[in-house]
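Chemist: Below are the structure tokens for one structure; questions will follow.
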Amino acid sequence: MTARVPRTHPYIPNSAPDVKTAMLAAIGARTVEEFYADIPAALRLDRPLRLPEPLGSEARLVAHMEELLSRNAAVPPGRSFLGAGCYRHHVPAVVDEVVNRSEFLTAYAGEPYEDHGRFQALWEYQSLMAELLAVEVVNVPTYDGFQAAATALRMAGRATGRRRLVLVGELDPDKLSRIRDYVHGIHDLVHVPAEPEAVHAALATGDTAAVFAELTDHRGRVDPELPQYVELAHRAGALAVVGANPLSLGVLAPPASFGADLTCGDLQPLGIHPSFGGGNAGFIASQDDERLVAEYPSRLFGLVPTDVPGEYGFGDVAYERTSFALREEGKEWVGTAAALHGIAAGVYLALMGPHGMREIGETILAHTAYARRRLAEVPGVEAGDPEAVHFADFTLRYTGERTAAEIAAALLDRGFHAGAPAGEREGRYCVTELHTQADIDRLAAALEEIVK
Amino acid sequence: MTDHHPIAGRQPIAGEPETTDRPGTTDPRIAPKPALRRFHQARWDEKLIFELGAPGERGILPPTPEPAVTAAVGSPADRLPAALRRGTPPALPELGQQQVLRHYLRLSQENLGADLNIDVGQGTCTMKYSPKVNDSFVRDPRIAALHPAQDATTVQGVLELVHRLEQLLKEVSGMDRVSLQPGAGSAAIWTNVSVIRAHFAARGEPEQRDEVITTAFSHPSNAACAKTAGFKVITLHPDADGYPDIEALRAAVGPRTAALLITNPEDTGIYNPRIAEFVRIVHAAGGLCAYDQANANGVLGITRAREAGFDLCHFNLHKTFSTPHACGGPAAGACGVTAELAPYLPRPTVEFDGERYVLDHDRPESIGKIRPYLGVVPNLVRAYAWIMSLGAEGLREAAEIAVLNNNYLMHRVQRIRGVSVPYAEGRPRVEQVRYSWRQLAEDTGLHSEDLGYRAADFGTHYWTSHHPYVVPEPMTLEPTESYSRADLDEYAAILAEVAREAYEEPETVRTAPHNSTVHRIRPEPLDDPKVWSVSWRSYRRKVLGEQP
């Protein structure tokens, strides 16, 4: 009989007993315990961690995970009408191919030599976004659109030295929560309705660092007065910080084109899977104004020559702004955030090109208009403000007996993921390029049964 | 390098490692083996994507509206004022699909991922193996296609997974609740700082407690997050042995102390044996203590935040718990806190109501949202799978082998001319070491950065340290549990060769890299606002003199 070979864990090669013994001998140590000499006995855990038994093999791990995954429903796109900051769009196969490459997926923070590809891909991301946003400066992505908005507001605060932040219209409550946490004790938030008079009045008090508004608001509506808020902000010496869904910018004007000083938002619609909220990533953008560039906490990659003519090299622009360089004297902080999502968004924009971005924007505008009109034909359902233009997201009001929660539950019973309550009698909906007329008509038919 | 014999008659080429045949043989049928890998990275001279393609090429076609939809709604954009309609199309490049793919695949080849190199050189980053099987779970549509607003009954699997991962990390840390919402380590530090702020606000002393203490060898985000949240930052510097100065801590604490944010083991790899005493000193002054466990990989199952008395801690799941580093995120952070601080954690939490997993949004004392929804769920899936593959014994084995590997590598590296291990001489290190090339720099005039660039010519790299450098001419290595003895020997041999070159042929090092995609960059434009170019638009206007 051959002796049984130890089942060395495949992730830990040097736990093979002979290897371990030989390595200890090479160092002149008797046990691994010697390396822990500095950890006092009182701090040592005197028992094994109480964790479930390990699964023992990759095959059993797959089986275990399959059991968990089997209790998640991957909804067909035509049956999902959920949006509000996270979207089901088509993810081109080429995007997945690129971001799943080991060279990108497993790299981290190397130098511009062995990691030239990462620097170039992220610089190109910045550049592609700059074209889309009509600006010259875009950051290496921050965590998500919430953080992008919060940081853009802090940037405006530092650039102006002022305290008040005027928030126009109703914001996503979660985004507002993030902003509130992030500006706590530094800035005062002033909420005003989306009306030029209200913005004007709020600015009359003075000391306003920024006016924040969104190109498509929390309910998906494009606010025709938005350029006026920007102008009012500038007249009061404040910066205009405008949130935007980048996927809309093939058809909607980039905020910088009507004067926004800082544009911010979430990259997830640009070729990134929703992944239960794991796909979010934030961008911040501005013109190449030294005063604003100095306020970015993020890394900004720049194009430079090398010692060999004709080669493009890359590096960090104005690195001395960052907490990597200056710790607490840097601007906010920088660290690992969402770089690979930036590469994904870059690949997406390169595939789509100017015409793809226009077409997808037109398709989503048309689908949204059709859905609002079609669903509002259902008795007991109102879309409100029929002339307003919406992009992807919209809300419906219910005038019948049933509450939004009851309607959402009844839709789910019929296989529709739609109508997330936005109040007692209001539900949230979203359509994208993935829906067909038939998908929307089926939803209308289901609503008709439920709402009447 | 005495065991390596150059091939007779072959002169080594500058910038290329010497080769050797099998010692003692001149048999022409036996291929010579390189003493060190003769690596050369892909060099495609790849253009910028804006220089590729031609008008009219398309990479992908999005769906267009069906005719009946168009007939019903026309062109909705026409209803917008002109200022809100895009006038000129974005000047994005126009390329066919294969051309886009090829461009990015070439860039990927010009990037050295951790899967392809002995990535022990990014100390503090814990570049352990990210198991491929775990990627397969997150690419499954039952994770990738899930919308976070789906009804909880349709996502019970992922909610259960997040709930279970919290239980696992509670046990690993000893803390009472763990939030998995932060998007990375620094976001977790921010979360802890925000929780600390909420705690003192609830006690009515937010104004009074306005100072945070950290250490020079803790990650800079500890200092930076505290400052961003409005705290004054006090940094403790190392004493002669490299430990954070306990006398300086005693002098710093007082009624204004809100918290201590501290890493242990610190980025030097030195474990501070008085850590519990640090915690007691801060607690006695009425402050809280947050444990930055970025360097937890060497102490899993050995010692925990709880036993050292901490009120809060955080892990980086992309470090200790194996999720891929993804060029710098998406990552994931986990914040553990005591029961007293649990009400302040981000909302929602995942709870089990006896029947189902549910989201609890009703947490009135919560600091609110740190990230949309539940956090970077794919990385929670990966971290969970990694722990389930290893179990308690495996986690401890990972820690012990990471520490063995580190001390083994230190043993090898210390023998290289010109390098030293500052502080706590003769003491073991936990899972990483901050080395110093000071002697080599004094002897040769070369810097640690130069050596790191030269290492790229051998198919690897290393990182120096955060700024400002406390250890002169630093190099930080962290071998984790993933690398084999042969890997570590190879890495040490590369460093030995680079050091030899530094002494014997310094020009080779001074002008490195030679075998990388590109040569040394000229960094001056990066700090000159007149020419720095963060985008193609900017480059065209400022450098090429065009009007985009």
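The values are calculated or read from the model by the stated rules, or taken from the named source; none is laboratory data. No experiment lies behind these values; they were computed from the predicted model shown. Positions of Cβ are backbone-derived with ideal geometry, glycine not excepted, and every protein chain shown enters the neighbour counts.
Chemist: Out of the residues in segment B:137-178 that are free of Cβ contacts under 8 Å to residues at least 24 places away in the same chain and farther than 16 Å from A:Asn72 by Cα, which is nearest to the other protein chains (Cβ to nearest Cβ)?
Modeler: Filtering segment B:137-178 for residues that are free of Cβ contacts under 8 Å to residues at least 24 places away in the same chain and farther than 16 Å from A:Asn72 by Cα, the one nearest to the other protein chains (Cβ to nearest Cβ) comes out as B:Glu171.
Chemist: Something else now. Of the residues B:Glu442, B:Glu397, B:Glu393, only one is over 26 Å from the mean Cα position of the chain (by Cα) and not in a loop (DSSP other than H, G, I, E, B); which?
Modeler: Among B:Glu442, B:Glu397, B:Glu393, only B:Glu442 is over 26 Å from the mean Cα position of the chain (by Cα) and not in a loop (DSSP other than H, G, I, E, B).
Chemist: Shifting gears a bit: How do the pairs read when you match residues in segment A:172-192 that are on the phi < 0 side of the Ramachandran plot and touching a residue at least 24 places away in the same chain (Cβ under 8 Å) with residues anywhere that are aromatic (Phe, Trp, Tyr) and buried (at least 19 other Cβ atoms within 10 Å of the Cβ), using Cβ under 6 Å and keeping only pairs 6 or more apart or on different chains?
Modeler: A:Lys175/A:Phe146; A:Arg178/A:Phe146
Chemist: May I pose another question? So A:Tyr319 clears everything in (1) over 21 Å from B:Cys225 (Cα atoms); (2) free of Cβ contacts under 8 Å to residues at least 24 places away in the same chain; (3) of a type outside the set (Val, Ile, Thr) except one condition, right? Which one?
Modeler: Unmet condition: (1).
Chemist: Any idea which residue in segment A:352-382 is nearest to the other protein chains (Cβ to nearest Cβ), counting only those that are basic (Lys, Arg) and under 22 Å from A:Gly250 (Cβ atoms)?
Modeler: The first filter runs over segment A:352-382 and keeps only residues basic (Lys, Arg), leaving A:358, A:372-374.
Now restrict to residues that are under 22 Å from A:Gly250 (Cβ atoms): A:358, A:372.
Working: A:Arg358: 6, A:Arg372: 9 Å.
Across segment A:352-382, the extreme among qualifying residues is A:Arg358.
Chemist: While we're looking at this one, here's another question. Hey, among B:Ala198, B:Ala202, B:Ala184, B:Ala223, which residue is within 27 Å of the chain's Cα centre (by Cα), in the same structural domain as B:Pro346 (by TED's automatic domain parsing) and in contact (Cβ under 8 Å) with a residue 60 or more places away in the chain? Before the answer, list the steps.
Modeler: On the way: B:Ala198 fails: within 27 Å of the chain's Cα centre (by Cα); B:Ala202 fails: within 27 Å of the chain's Cα centre (by Cα); B:Ala223 fails: in contact (Cβ under 8 Å) with a residue 60 or more places away in the chain.
Just one listed residue meets the conditions, B:Ala184.
Chemist: Going through A:Glu136, A:Glu170, A:Glu111, A:Glu124 one at a time, which residue ends up being facing chain B (nearest Cβ under 7 Å) and at pLDDT below 95? Before you say what the answer is, go through the steps one by one.
Modeler: Working: A:Glu136 fails: at pLDDT below 95; A:Glu170 fails: facing chain B (nearest Cβ under 7 Å); A:Glu124 fails: at pLDDT below 95.
None of the others qualify; the one that does is A:Glu111.
Chemist: Okay, moving on. Give me the residue from segment B:278-300 that is part of a strand (DSSP E or B) and touching a residue at least 60 places away in the same chain (Cβ under 8 Å) and, out of that set, surrounded by the fewest Cβ atoms within 10 Å (Cβ to Cβ). First the steps, then the outcome.
Modeler: The initial filter retains those residues of segment B:278-300 that are part of a strand (DSSP E or B), namely B:288-292.
Next, from what is left, pick out any that are touching a residue at least 60 places away in the same chain (Cβ under 8 Å): B:288, B:290, B:292.
Details: B:Leu288: 26, B:Ala290: 32, B:Asp292: 28.
Per the stated criteria, the residue is B:Leu288.
Condition check ((1) under 20 Å from the mean Cα position of the chain (by Cα); (2) facing another protein chain (nearest Cβ under 8 Å)) across all residues:
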position: B:Tyr435; (1), (2): yes, no
position: B:Ala456; (1), (2): yes, yes
position: B:Ser482; (1), (2): yes, yes
position: B:Arg485; (1), (2): no, yes
position: B:Ala493; (1), (2): no, no
position: B:Glu497; (1), (2): no, no
position: B:Glu507; (1), (2): no, no
position: B:Pro523; (1), (2): no, yes
position: B:Ser533; (1), (2): no, yes
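Chemist: Going through B:Pro141, B:Pro89, B:Pro93, B:Pro148 one at a time, which residue ends up being in contact with a Phe, Trp or Tyr (Cβ under 7 Å, 6 or more places away or on another chain) and either farther than 30 Å from B:Trp44 by Cα or of a type in the set (D, E, K, R) (or both)? Don't jump to the end; show me each part of the working.
Modeler: Values: B:Pro141 fails: in contact with a Phe, Trp or Tyr (Cβ under 7 Å, 6 or more places away or on another chain); B:Pro89 fails: in contact with a Phe, Trp or Tyr (Cβ under 7 Å, 6 or more places away or on another chain); B:Pro93 fails: either farther than 30 Å from B:Trp44 by Cα or of a type in the set (D, E, K, R) (or both).
On inspection, the qualifying residue turns out to be B:Pro148.
Chemist: Testing B:Val471 on (1) surrounded by 21 or more Cβ atoms within 10 Å (Cβ to Cβ); (2) of a type outside the set (Gly, Ala, Ser); (3) not in a loop (DSSP other than H, G, I, E, B), one condition comes back false. Which one is that?
Modeler: (3)
Chemist: Another question, if that's okay. Here's a check for you: in segment A:30-51, which residue that is part of a loop (DSSP other than H, G, I, E, B) and more than 7 Å from every other protein chain (Cβ to nearest Cβ) is surrounded by the most Cβ atoms within 10 Å (Cβ to Cβ)?
Modeler: Initial filter on segment A:30-51 (part of a loop (DSSP other than H, G, I, E, B)): A:30-31, A:37-40, A:45-51.
In the following step, the residues that additionally are more than 7 Å from every other protein chain (Cβ to nearest Cβ) were identified as A:30-31, A:46-47.
On the way: A:Arg30: 9, A:Thr31: 11, A:Asp46: 7, A:Arg47: 8.
This residue is A:Thr31.
Chemist: Separate question: Does A:Phe35 count as under 34 Å from the mean Cα position of the chain (by Cα) and not polar (S, T, N, Q)?
Modeler: Values: under 34 Å from the mean Cα position of the chain (by Cα): no; not polar (S, T, N, Q): yes.
Considered against the rule, which asks whether it is under 34 Å from the mean Cα position of the chain (by Cα) and not polar (S, T, N, Q), A:Phe35 comes out as no.
Chemist: Hey, another quick one. Hey, among A:Ala148, A:Ala159, A:Ala194, A:Ala201, which residue is touching a Phe, Trp or Tyr at 6+ places or on another chain (Cβ under 7 Å) and either hydrophobic (A, V, I, L, M, F, W, C) or assigned by TED's automatic domain parsing to the domain that holds A:Asp289 (or both)? Talk me through it step by step, then tell me what you get.
Modeler: Details: A:Ala159 fails: touching a Phe, Trp or Tyr at 6+ places or on another chain (Cβ under 7 Å); A:Ala194 fails: touching a Phe, Trp or Tyr at 6+ places or on another chain (Cβ under 7 Å); A:Ala201 fails: touching a Phe, Trp or Tyr at 6+ places or on another chain (Cβ under 7 Å).
A:Ala148 is the lone residue from the list that is touching a Phe, Trp or Tyr at 6+ places or on another chain (Cβ under 7 Å) and either hydrophobic (A, V, I, L, M, F, W, C) or assigned by TED's automatic domain parsing to the domain that holds A:Asp289 (or both).
Chemist: For the subset of segment B:179-215 comprising residues that are crowded, with 19+ Cβ neighbours inside 10 Å and over 25 Å from A:Ile179 (Cβ atoms), which member is nearest to the other protein chains (Cβ to nearest Cβ)?
Modeler: Let us first name the residues in segment B:179-215 that are crowded, with 19+ Cβ neighbours inside 10 Å, namely B:179-200, B:209, B:211-215.
Next, from what is left, pick out any that are over 25 Å from A:Ile179 (Cβ atoms): B:211, B:213-215.
Numbers: B:Glu211: 12, B:Ile213: 12, B:Thr214: 9, B:Thr215: 11 Å.
Out of the qualifying residues, it is B:Thr214.
Chemist: Can you list residue pairs whose Cβ atoms sit under 6 Å apart, with the first residue in segment A:376-388 being touching a residue at least 40 places away in the same chain (Cβ under 8 Å) and the second being surrounded by 14 or more Cβ atoms within 10 Å (Cβ to Cβ) and of a type in the set (D, E, K, R)? Count only pairs 6 or more apart in sequence or on different chains.
Modeler: A:Val378/A:Glu448; A:Ala388/A:Arg221
Chemist: Among the residues of segment A:186-193, is there at least one that is out of contact with any helix residue (DSSP H, G or I) (no Cβ under 9 Å at 6 or more places or on another chain) and either crowded, with 19+ Cβ neighbours inside 10 Å or within 14 Å of chain B (Cβ to nearest Cβ) (or both)?
Modeler: Within segment A:186-193, one or more residues are out of contact with any helix residue (DSSP H, G or I) (no Cβ under 9 Å at 6 or more places or on another chain) and either crowded, with 19+ Cβ neighbours inside 10 Å or within 14 Å of chain B (Cβ to nearest Cβ) (or both).
Chemist: Mind checking which residues of segment A:57-79 are more than 7 Å from every other protein chain (Cβ to nearest Cβ), outside any loop (DSSP other than H, G, I, E, B) and out of contact with any Lys or Arg (no Cβ under 6 Å at 6 or more places or on another chain)?
Modeler: A:Ala59, A:Arg60, A:Ala63, A:Glu66, A:Glu67, A:Gly78, A:Arg79
Chemist: Another one. Condition first: under 29 Å from B:Pro62 (Cβ atoms) and either within 22 Å of the chain's Cα centre (by Cα) or hydroxyl-bearing (Ser, Thr, Tyr) (or both). Can you find one or more residues in segment A:194-213 that meet it? Full working, then the answer.
Modeler: Of all residues in segment A:194-213, those under 29 Å from B:Pro62 (Cβ atoms) come to A:213.
Narrowing further to those that are either within 22 Å of the chain's Cα centre (by Cα) or hydroxyl-bearing (Ser, Thr, Tyr) (or both): A:213.
Yes, some residue in segment A:194-213 is under 29 Å from B:Pro62 (Cβ atoms) and either within 22 Å of the chain's Cα centre (by Cα) or hydroxyl-bearing (Ser, Thr, Tyr) (or both).
Chemist: Oh, and also: Taking the criterion of being at pLDDT below 95 and either surrounded by fewer than 23 Cβ atoms within 10 Å (Cβ to Cβ) or in the same structural domain as B:Gly242 (by TED's automatic domain parsing) (or both), would at least one residue in segment B:428-439 satisfy it?
Modeler: Scanning segment B:428-439, I find at least one residue that is at pLDDT below 95 and either surrounded by fewer than 23 Cβ atoms within 10 Å (Cβ to Cβ) or in the same structural domain as B:Gly242 (by TED's automatic domain parsing) (or both), so the answer is yes.
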